[in-house]
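Accompanying notes for the structure given below.
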Amino acid sequence: MADTGATQGHSHGSPSRWRFGGAWGVTLLLLIVVALFDPAQFLPTVTFTGWALTGTAPFIAFAVLAVAYLKASGAETLLARAFEGNPARMIVMAALLGGLSPFCSCEVIPFIAALLAVGAPLGAVMAFWLASPLMDPAMFAITSGTLGFDFALAKTFAAIGLGMFGGFGVMLAANTPLFADPLRKRPAVRGCCGVQKPFSGQPVWKFWNEAPRRSVFNETAIENALFLTKWLTLAYVIEALMLHYIPADIIAGVLGGDGITPILLGALVGAPAYLNGYAAVPLVDALLAQGMTQGAAMSFVIAGGVSCIPAAIAVWALVKPRIFVAYLSFAMIGAVVAGLIWQAVA
């Protein structure tokens, strides 16, 4: 489950879907600034963006159709099974399924609130929370198309590993004051996305036989196509400008070289610099081209994905501040470890 929800949530046919502003507005503003102050760079910037979008188009199409199918079929209801049975098994299943869920970050709030309210172990919930913002079918497709299949696969393993790290960490310390009574007194349980509520019951894999599910498929596909297009367009414009205007030796000097320092900096920079999971991919591509190490890139996407505003709000809305601090601490430690491992094997 990547952090799509806070930006994309409007219902089908709503005029706000087409309202100019946000990512589209920033994209146009950047192009206007380039046209006014460096006219010679305007056409190369537009051309770079167009070719980048064209090259990514097959991955966008796959991502859009995959997420729409998961939602229309109701496959997301399988998530509930991750929170049943042996606590250790719950944590492993929650970490595995967290990255596959098509929920957006705000849709998951009522789902998790209900689980915590009925006594689901905090360790399993933490595993799901940590893994879910980092990878989903759409994120895997976009990451694979831009940064390579190996990086996408490594990030997937890192997401699952981070989820299990946090989940088992909470389980081992479950009886300590830190993790006692985790819920806020009145947690916010309403989702903020205007899209349809998830289907309940068993998944219906041949969803096209039911009109409501066909409607969900169409709605989800349109929403995600617009969402991915607008954010990737902005990201590719920024990538083109970074490659042209930021000297590579500056990036290489800060985020290049050997040792743990670039990886630590990648994790620290990831939190404030992370627009959203999809926009981050082209930005990382540009940073790698300018000398960022592979380990720093991995720590950047892991730390940034978990600490970005939509993912963090989903946690902050439900639990007390000490649990939220633990969530961020697991994320930062896991991001650095993932960066070190990827640096060693890449």
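Annotations for the structure displayed:
- Looking only at residues in region 100-121 that are assigned to a helix (DSSP H, G or I), more than 21 Å from Gly305 (Cβ to Cβ) and at pLDDT 70 or above, the one that is nearest to the chain's Cα centre (by Cα) is Ala113.
- Among residues of region 269-287, those that are of a type in the set (A, V, I, L, M, F, W, C) and at pLDDT 85 or above, counted: 4
- Checked against the criterion of being closer than 16 Å to Asp136 by Cβ, modelled with pLDDT of 65 or more, assigned to a helix (DSSP H, G or I) and within 16 Å of the chain's Cα centre (by Cα), the candidates Ala82, Ala95 yield just one match: Ala95.
- Ala159 vs. criteria under 30 Å from Glu223 (Cα atoms) and at pLDDT 90 or above: yes
- Residues in region 207-245 that are farther than 17 Å from Pro137 by Cα, of a type in the set (D, E, K, R) and in contact (Cβ under 8 Å) with a residue 12 or more places away in the chain: Arg213, Arg214, Glu219, Lys230, Glu239.
- Conditions (1) under 25 Å from Phe165 (Cβ atoms); (2) surrounded by 24 or more Cβ atoms within 10 Å (Cβ to Cβ); (3) at pLDDT 75 or above; (4) not hydroxyl-bearing (Ser, Thr, Tyr): number failed by Ala72: (1)
- Residues that are among the hydrophobic types (A, V, I, L, M, F, W, C) and in contact with a Ser or Thr (Cβ under 7 Å, 6 or more places away or on another chain), drawn from region 32-55: Val34, Leu53
- Failed item in (1) over 21 Å from the mean Cα position of the chain (by Cα); (2) over 30 Å from Leu96 (Cβ atoms), with Ser73 passing the rest: (2)
- Residue list for region 220-262, restricted to those being among the aromatic types (Phe, Trp, Tyr) and modelled with pLDDT of 85 or more: Tyr236, Tyr245
- Test: Gly339 is within 24 Å of Met242 (Cβ to Cβ), part of a helix (DSSP H, G or I), over 14 Å from the mean Cα position of the chain (by Cα) and modelled with pLDDT of 85 or more: yes
- The residues on offer are Glu239, Glu219, and the sole one that is in a helix (DSSP H, G or I), acidic (Asp, Glu) and closer than 19 Å to Gly50 by Cα is Glu239.
- Test: residue in region 34-45 that is in contact with a Gly (Cβ under 9 Å, 6 or more places away or on another chain), in a helix (DSSP H, G or I) and either hydrophobic (A, V, I, L, M, F, W, C) or at pLDDT 80 or above (or both): no
- Residue in region 163-186 that is under 24 Å from Ser73 (Cβ atoms), within 18 Å of the chain's Cα centre (by Cα) and at pLDDT 90 or above present: yes
The values are calculated or read from the model by the stated rules, or taken from the named source; none is laboratory data. Keep in mind that what you see is a predicted model, and the values were worked out from it rather than measured. Because the Cβ atoms are built from the backbone with ideal geometry, glycine has one as well, and the counts that use them run over all protein chains shown.
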